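Take a look at the structure set out below.
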Amino acid sequence: MIRFRLCVKNLCGRKILAVPVLTIFLSTAALAGTNITGTVRNGSRGQAAAGEEVILLRIDNGETEARAKTDDRGTFTFAVQAPDKPYLVRVLHQDVSYDQRAAAGDALSILVYDAAPQVTGITGSIEILRAGTNGKRLHISDLYEVKNESSPPLTQAGERTFEVYLPPGAKIDSVLAAGLDRIGVMISALPVPGEPGHYAVNFPLRPGATKFAFKYELPYDGHAALETRHAYALQQLAVMIPLSMQFSLRSQAFQVLATGNSRYQVLAANQLKAGAGPAFEISGEGQLPPLIDQPNSVARSPSSAISSAAVQAAAQGVLASRGNFDSPLRQILPPSQTLLMGGVTAVLLAASVFMVWRARKNERITRVRQ
C-alpha cells in the first residue's frame, strides 16, 4: 500500500490517466450487469443464424420490452430496463419461436432449426394416463411424450403436428405443451371433422422431446371402458389410478408396474404399434393420483428412481401464453404442472427402460437354453 502511494505521488502524469481508465472499466462492468447478450446458431446448418428477429419479453407483466436482429455472427444485445425482473428471450426462425428464460447479466446460447411440414425421425415415447373421479365425472390427465430425432435436425411445424384420440364424449378442460426448454404454453386442440374423439394440435415439434398434457373429463356411473389409439408407436403406455379404484383388463398387454408407491397403482403396456392399442376398464371411486410424491416416498430401485437433478430441472416452472408470437405471457403455472411435464415422465420412463431391458434379457436366456 505504501509503495502504491509513493508511485502515484512521483508519477503525477499517470495519476491523471488512471482516473478515466478506472471510470471506463467501472462503466463497462456496470453496463454488462444490466445487459442480456446471446448468440444464435442454426442447428440444422451448423452455422451462425444472422438476421434473426429476437424479442425481449418481461415475464412479470407480459410486455415486449425490446426487439433486435442478430448480426453476421448471430449475436444480439439487449439493455435491460428492469435488472431485478425475470425475462424471456424469444428468437423467431421460419415462424417458429425458440425461447429461453433470462436475467440481467446473462449470456445466452440459443439454437434454432429449419422448419418443414413433415419430418422423418419423429417417434412416440410414452403416454401416462391418470384417472380419478369427482361425483359423476371421470377426470383424466393424459400426458404424451414425442421425440424428434431427425438428422439433420429439423422442426416439424404446421396445422397438425400432433394428433390424439380421446374417448367419445370427452370434454377437454385444457391442453399444455412443452418442448425441451421446459417452457410450456396453453394451446388449443381442434376436432378432426367426421372423427369423434380425434383431435389435432398446432405446436412445433422441435428436435428433442416434446410433451403434451390433455386434461379432460367424461360422464361416469362407477364404471368406464376405455380404448386406446395412438398416432405414433409408443415405448410404453402407463395407466395410473388410486388404490380405491379397480382395473379390469381387456388385454394381456398390460402388467403391473412396481413403483414402490402406496397411494396409487400403475399398469403398463410396452412396445405399442401406431393405431389401435390395448383396452382396459376401471371402476370405483377415488381422487386423481398425485403427479409425484416427495422424494423420500419414491422407491430407490433402478426401475422407479427419480434423480434429484431431474426434479430440480422440472421445478423451474413453465410459462403459459396464448395466440401469436406477440401475445403477452399470461402466468407462471403451478409447480405441479411442471412436475407433470418432467418428474412423472422420469419415473415411468425409467421403469419402462428397466422392463424392456429385463424382457430382452429373458429372451436371450431362453435362446441360450434352447
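Numbers for the structure displayed
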item	result
Any pair with Cβ under 8 angstrom, 6 or more apart, that starts in the stretch 167-186 at a residue that is closer than 14 Å to LEU138 by Cβ and β-branched (Val, Ile, Thr) and ends at one that is surrounded by 17 or more Cβ atoms within 10 Å (Cβ to Cβ) and at pLDDT 90 or above	ILE172/LEU166; ILE172/ALA189; ILE172/TYR199; ILE172/PHE214; ILE172/LYS215; ILE172/TYR216
Filtered residues of the stretch 124-150 (kept if acidic (Asp, Glu) and more than 18 Å from GLY184 (Cα to Cα))	GLU149
Residues located in the stretch 96-147, provided they are farther than 30 Å from PHE254 by Cα, among the aliphatic types (A, V, I, L, M) and assigned to a strand (DSSP E or B)	VAL96, ALA102, ALA107, LEU108, ILE110, LEU111, VAL112, ALA115, ALA116
SER150 small (Gly, Ala, Ser) and part of a loop (DSSP other than H, G, I, E, B)	yes
Exclusive hit being in the same structural domain as ALA274 (by TED's automatic domain parsing) and at positive phi, set GLY208, GLY184	GLY208
Given (1) among the acidic types (Asp, Glu); (2) exposed (fewer than 15 other Cβ atoms within 10 Å of the Cβ); (3) closer than 21 Å to LYS147 by Cα, number of the condition ASP114 does not satisfy	(2)
Qualifying residue in the stretch 168-185 (condition: surrounded by fewer than 22 Cβ atoms within 10 Å (Cβ to Cβ), in contact with a Pro (Cβ under 7 Å, 6 or more places away or on another chain) and at pLDDT below 95)	yes
Of all residues in the stretch 227-262 being of a type outside the set (S, T, N, Q) and free of Cβ contacts under 8 Å to residues at least 60 places away in the same chain, the one that is surrounded by the most Cβ atoms within 10 Å (Cβ to Cβ)	PHE254
Odd one out for GLY51 among (1) more than 23 Å from PHE203 (Cβ to Cβ); (2) surrounded by 13 or more Cβ atoms within 10 Å (Cβ to Cβ)	(2)
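Conditions (1) of a type in the set (A, V, I, L, M); (2) crowded, with 21+ Cβ neighbours inside 10 Å; (3) over 30 Å from PRO242 (Cα atoms); (4) touching a strand residue (DSSP E or B) at 6+ places or on another chain (Cβ under 6 Å), marked per residue:
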residue: LYS136; (1), (2), (3), (4): no, no, no, no
residue: GLU149; (1), (2), (3), (4): no, no, yes, no
residue: ILE187; (1), (2), (3), (4): yes, no, no, yes
residue: LEU190; (1), (2), (3), (4): yes, no, yes, yes
residue: HIS198; (1), (2), (3), (4): no, no, no, yes
residue: ALA209; (1), (2), (3), (4): yes, no, no, yes
residue: PHE212; (1), (2), (3), (4): no, yes, no, yes
residue: PRO219; (1), (2), (3), (4): no, no, no, no
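The values are calculated or read from the model by the stated rules, or taken from the named source; none is laboratory data. What you see is a predicted model, and the numbers here were worked out from it, not measured in a lab. Using ideal geometry, Cβ is built from the backbone for each residue, glycine included, and neighbour counts are taken over all protein chains shown.
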